[in-house]
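The values are calculated or read from the model by the stated rules, or taken from the named source; none is laboratory data. Treat the numbers as computed from the prediction; the structure is a model and nothing was measured. Cβ placement follows ideal geometry from the backbone for every residue including glycine, while neighbour counts extend to all protein chains displayed.
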Amino acid sequence: MAFHPLRTLVKAVAFALMSCALTFFATEFLSIVGVAIYAAFTHAKVDFSITYRYIAAPTALLALVTAFIATLILDFRRAAQSR
């Protein structure tokens, strides 16, 4: 199978966006649950927006970059082995 740079780029972007979205929603859910448990035990008033700003968004951006680079590396490696 021949190497197609555009196909590789589109596949890497698509996989990175899907990974980013999945990571964001999973991290957001888990961090909201964690903050809610913390608030229940400490009876403190907490700001749930910290779960988005400081936990979910940075984690999703890290997943986006990691998935994009990993997909490119794996595709280039596969193309090099098929030659």
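Hey, does segment 74-83 have a residue that's surrounded by 11 or more Cβ atoms within 10 Å (Cβ to Cβ), assigned to a helix (DSSP H, G or I), in contact with a helix residue (DSSP H, G or I) (Cβ under 7 Å, 6 or more places away or on another chain) and at pLDDT below 95?
The answer is yes; a qualifying residue exists.
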Could you list, ordered by first residue, the pairs with Cβ atoms under 9 Å in which the first is in segment 29-43 and under 17 Å from residue 54 (Cα atoms) and the second is among the small types (Gly, Ala, Ser) and exposed (fewer than 11 other Cβ atoms within 10 Å of the Cβ), at least 6 apart or interchain? 38/44
